[in-house]
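Worksheet: one structure, shown below.
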Amino acid sequence: MLRSRLFLLAPLLVFLALAYLVPFLGVMRWSVTLPEPGLGQYKTALTDPLVLSVIWRTVRICALVTVLAVAMAYIITLLWVRGGPVMRLFVELCILIPFWISVLTRAFGWLALLSNRGIINTWGQEIGIFSEPLALVRNEFGVVLGMVHFLIPFAVFPLASAMRSVDERVLLAARGMGASRARIFWQVFVPMTKTGIFGACLLVFVFALGFFVTPAILGGGRSVLVAELIWLRIFQSPDWGLGAAISVIMMVAIGLLLALTMKYAKGTGR
Amino acid sequence: MITLKPGLLATILAALVAVFLLMPLIAVVPVSFTPGRNLSMAGDEWSLRHYRALIDNPAWGKGVWLSIRIGLVASLFSTALAAAFALGLWMLQPKFAGLYMGIAMLPMVAPPVVSALTLYFFLTSLSQWNGVIGYDTFFGVALAHSVMVAPFAVVLITVALSQVDRRIDLAARSMGAGLMTRVFRIIMPNIRFGMIAALFLTFVLSWEEIGVTLFITSVNAVTLPRMMWMGLRDNIDPAIAAISVVLIAIVVAVVLIKTAVQVRQGQKRQG
């Protein structure tokens, strides 16, 4: 029995231990040994105005992206779960097609739409709405649009499972007692999908924090987020110790966030 | 039975979200036909030169072929490990199941950039020992992708196993079936759709993986996403638009076929 347990469970665990856990310890070692032993890099990461401004910008953008993505996902999920059969099919396609398309293609789509010689600026100038191209990309605006676009499908799944488990009879009861449609939605339906909203927010926020590709392409090096900063510190202006220290801080922050959530989820008995 | 249908306002707002989701995918099309060398709109004159560039420049074909091979290796390897792991948890229900699951989920939960740096450390360390599995090599990338996609396979297979009736396994065991018989003749046939889904998802995730790939490759193991990244960073190469249109067309075709099959099956069941 013991042998078979090892035989089944061990390969993946050993593989991840060797290829992930041990190397992560190596990254931690970099953070306290490069360029010199000590906790200097952590001090830099938490006091340097440049790093702090990047961290602050990351948290701000991720919070904004989370609110926008979850709100938009909520609307479209509502139609997916509660619409008529044709509507459901159409919404499903609108969610699944972007979901399966790679992050690079989607970021490029935004460039095609928003850049100086992209569709919006070309048409806008031809029609004469504006004479100078608008700066829609290579700034925070473009980063937020691209991230929201990428993350909406991920927010849909927890929201959909929450909406499907809403007891229809409660809505009927509310209507039977004379509540308006708006009131049923805001005071009955939305509170009943609270866990889904919370789960979607957490998922989107955690994903957004580690985001690298979309901000790097749509931010054009101007609005650098934490993930891109790590990349820059490893490959562009090498300061491996700092890059490693920021990585460790990020990992700890996300671990704490998830641990707090689990505790909260247990506390509310869900 | 859904009694309260979404109202007009909700439908209009959802339509706007749908437009938002599809807009950037459609925007790629007119750009791909531009006669220009830079990102611009195809005006009166449409050209296929960027599609021709995909064929004429052997680097694109090489990138596609490399991505397919890496995807196959990573998909088979990670799904095999994940299947054994999920089966182990399901059959044995060990004491520290939560801890094991936590370790297995780590690459999925951790920020991609931290995983990327970790795998960069792993592969550069390996490179000091050998030239086959390491930084910027085929097997190095396949190994790193396996780490990143394995958690997704574990999730899918675990979900599939949770639908299996334990009593069939108990029945087989009580009739003297060994471990191998139980796994391959009893349980596997019952989770085959989960296994196929895991193989497919891990392949797709590896095929489009870029966050980690950027850290662990430079000039040799240039996968398709890596190739696209190089064309996107500084001067935007419209060949990216052409390859994007091809990739979008494939996804749209697959999703439409899958949906059509589902709709037909649904009709059959009703009729």
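Please determine, by comparing only the residues of the stretch A:67-76 that are β-branched (Val, Ile, Thr) and more than 9 Å from chain B (Cβ to nearest Cβ), which one is nearest to A:Ile197 (Cα to Cα). Lay out the reasoning, then the answer.
So the first thing to find is which residues in the stretch A:67-76 are β-branched (Val, Ile, Thr), and the list is A:67, A:70, A:75-76.
Now drop any that are not more than 9 Å from chain B (Cβ to nearest Cβ), which leaves A:67, A:70.
On the way: A:Val67: 10, A:Val70: 7 Å.
The selected residue is A:Val70.
Quick one: would you say B:Leu199 is at negative phi, under 22 Å from the mean Cα position of the chain (by Cα) and within 12 Å of another protein chain (Cβ to nearest Cβ)?
Against the criterion (at negative phi, under 22 Å from the mean Cα position of the chain (by Cα) and within 12 Å of another protein chain (Cβ to nearest Cβ)), B:Leu199 does not qualify.
Which of the following residues is more than 13 Å from every other protein chain (Cβ to nearest Cβ), within 17 Å of A:Ile246 (Cβ to Cβ), surrounded by 12 or more Cβ atoms within 10 Å (Cβ to Cβ) and in contact (Cβ under 8 Å) with a residue 40 or more places away in the chain: A:Leu64, A:Leu46?
Selected residue: A:Leu46, the only one of A:Leu64, A:Leu46 that is more than 13 Å from every other protein chain (Cβ to nearest Cβ), within 17 Å of A:Ile246 (Cβ to Cβ), surrounded by 12 or more Cβ atoms within 10 Å (Cβ to Cβ) and in contact (Cβ under 8 Å) with a residue 40 or more places away in the chain.
Return the total of residues in the stretch A:1-59 being basic (Lys, Arg) and more than 28 Å from the chain's Cα centre (by Cα). Show your work before the answer.
Residues of the stretch A:1-59 that are basic (Lys, Arg), as a first pass: A:3, A:5, A:29, A:43, A:57.
Going one step further and asking which of them are more than 28 Å from the chain's Cα centre (by Cα), we end up with A:3, A:5, A:29.
Number satisfying all stated conditions: 3.
Please find, among B:Gly131, B:Gly176, the residue that is without any contact (Cβ under 8 Å) to a residue 12 or more places away in the chain, farther than 22 Å from B:Val222 by Cα and not basic (Lys, Arg).
From the options B:Gly131, B:Gly176, the qualifying one is B:Gly176.
Those residues that are in contact with a helix residue (DSSP H, G or I) (Cβ under 7 Å, 6 or more places away or on another chain) and either of a type outside the set (Val, Ile, Thr) or free of Cβ contacts under 8 Å to residues at least 40 places away in the same chain (or both), I need them from the stretch B:144-163; list them, please.
Answer for the stretch B:144-163, where residues must be in contact with a helix residue (DSSP H, G or I) (Cβ under 7 Å, 6 or more places away or on another chain) and either of a type outside the set (Val, Ile, Thr) or free of Cβ contacts under 8 Å to residues at least 40 places away in the same chain (or both): B:Ala144, B:His145, B:Ser146, B:Met148, B:Ala150, B:Pro151, B:Phe152, B:Ala153, B:Leu156, B:Val159, B:Ala160, B:Leu161.
Hey, among A:Ala71, A:Ala63, A:Ala135, A:Ala45, which residue is among the small types (Gly, Ala, Ser), farther than 16 Å from B:Met23 by Cα and in a loop (DSSP other than H, G, I, E, B)?
Values: A:Ala71 fails: in a loop (DSSP other than H, G, I, E, B); A:Ala63 fails: in a loop (DSSP other than H, G, I, E, B); A:Ala45 fails: in a loop (DSSP other than H, G, I, E, B).
Answer to the selection: A:Ala135.
Which condition number does A:Ala182 fail, the rest of (1) part of a loop (DSSP other than H, G, I, E, B); (2) among the aliphatic types (A, V, I, L, M); (3) surrounded by fewer than 16 Cβ atoms within 10 Å (Cβ to Cβ) being met?
(1)
In the list B:Thr118, B:Thr79, which residue meets the criterion of being touching a helix residue (DSSP H, G or I) at 6+ places or on another chain (Cβ under 6 Å), of a type in the set (S, T, N, Q) and free of Cβ contacts under 8 Å to residues at least 12 places away in the same chain?
Working: B:Thr79 fails: free of Cβ contacts under 8 Å to residues at least 12 places away in the same chain.
Unique residue meeting the criteria: B:Thr118.
Could you list, in sequence order, all residues of the stretch A:211-270 that are basic (Lys, Arg) and within 12 Å of chain B (Cβ to nearest Cβ)?
Result: A:Arg233, single match.
All but one of (1) farther than 16 Å from B:Arg233 by Cα; (2) within 27 Å of the chain's Cα centre (by Cα); (3) surrounded by fewer than 17 Cβ atoms within 10 Å (Cβ to Cβ) hold for A:Leu113, so report the exception by its number.
(3)
Give A:Ala173, A:Ala160, A:Ala182 a once-over and let me know the one that is more than 12 Å from every other protein chain (Cβ to nearest Cβ) and among the aliphatic types (A, V, I, L, M). Reasoning before the result, please.
Working: A:Ala173 fails: more than 12 Å from every other protein chain (Cβ to nearest Cβ); A:Ala182 fails: more than 12 Å from every other protein chain (Cβ to nearest Cβ).
Criteria check complete, one pass: A:Ala160.
Are any of the residues in the stretch B:221-233 in contact with an Asp or Glu (Cβ under 7 Å, 6 or more places away or on another chain), touching a residue at least 60 places away in the same chain (Cβ under 8 Å) and more than 10 Å from every other protein chain (Cβ to nearest Cβ)?
yes
Does B:Ala15 meet the test of being assigned to a loop (DSSP other than H, G, I, E, B) and among the small types (Gly, Ala, Ser)?
no
Tell me yes or no: at least one residue of the stretch B:41-49 is free of Cβ contacts under 8 Å to residues at least 60 places away in the same chain and facing chain A (nearest Cβ under 7 Å).
Within the stretch B:41-49 (the criterion being free of Cβ contacts under 8 Å to residues at least 60 places away in the same chain and facing chain A (nearest Cβ under 7 Å)), the answer is yes, since at least one residue qualifies.
Give the number of residues within the stretch A:87-109 that are under 17 Å from B:Leu16 (Cβ atoms), within 18 Å of the chain's Cα centre (by Cα) and within 7 Å of chain B (Cβ to nearest Cβ).
Summing the residues that are under 17 Å from B:Leu16 (Cβ atoms), within 18 Å of the chain's Cα centre (by Cα) and within 7 Å of chain B (Cβ to nearest Cβ) in the stretch A:87-109 gives 1.
Among the residues of the stretch B:229-271, how many are among the β-branched types (Val, Ile, Thr) and in a loop (DSSP other than H, G, I, E, B)?
Selection size over the stretch B:229-271: 1.
When you go through B:Pro35, B:Pro94, B:Pro24, B:Pro112 one by one, which is the residue that is within 7 Å of chain A (Cβ to nearest Cβ) and touching a residue at least 12 places away in the same chain (Cβ under 8 Å)?
After applying the criteria, what remains is B:Pro112.
Where in the stretch B:95-166 are there helices (runs of 4 or more DSSP H), lying wholly inside it, with at least 3 residues that are closer than 30 Å to B:Ile187 by Cα and more than 18 Å from the chain's Cα centre (by Cα)?
B:97-109, B:138-162
So B:Pro30 ticks every box in (1) under 14 Å from B:Ile240 (Cα atoms); (2) loosely packed, with under 15 Cβ neighbours inside 10 Å but one. Which box is left unticked?
If we test B:Pro30 against (1) under 14 Å from B:Ile240 (Cα atoms); (2) loosely packed, with under 15 Cβ neighbours inside 10 Å, just (2) comes out false.
Residues to consider are A:Leu79, A:Leu89, A:Leu21; find the one that is surrounded by fewer than 17 Cβ atoms within 10 Å (Cβ to Cβ), touching a Ser or Thr at 6+ places or on another chain (Cβ under 8 Å) and either under 27 Å from B:Val204 (Cβ atoms) or modelled with pLDDT under 95 (or both). Break it down stepwise before answering.
On the way: A:Leu79 fails: surrounded by fewer than 17 Cβ atoms within 10 Å (Cβ to Cβ); A:Leu21 fails: touching a Ser or Thr at 6+ places or on another chain (Cβ under 8 Å).
Just a single option satisfies the conditions, and that option is A:Leu89.
Scan the stretch B:213-228 for residues that are closer than 29 Å to B:Ile55 by Cβ and assigned to a helix (DSSP H, G or I) and report the count.
8
The values are calculated or read from the model by the stated rules, or taken from the named source; none is laboratory data. None of these values were measured; they are calculated from a predicted model. Ideal geometry is used to build each Cβ from the backbone, glycine not excepted, and the neighbour counts take in all protein chains shown.
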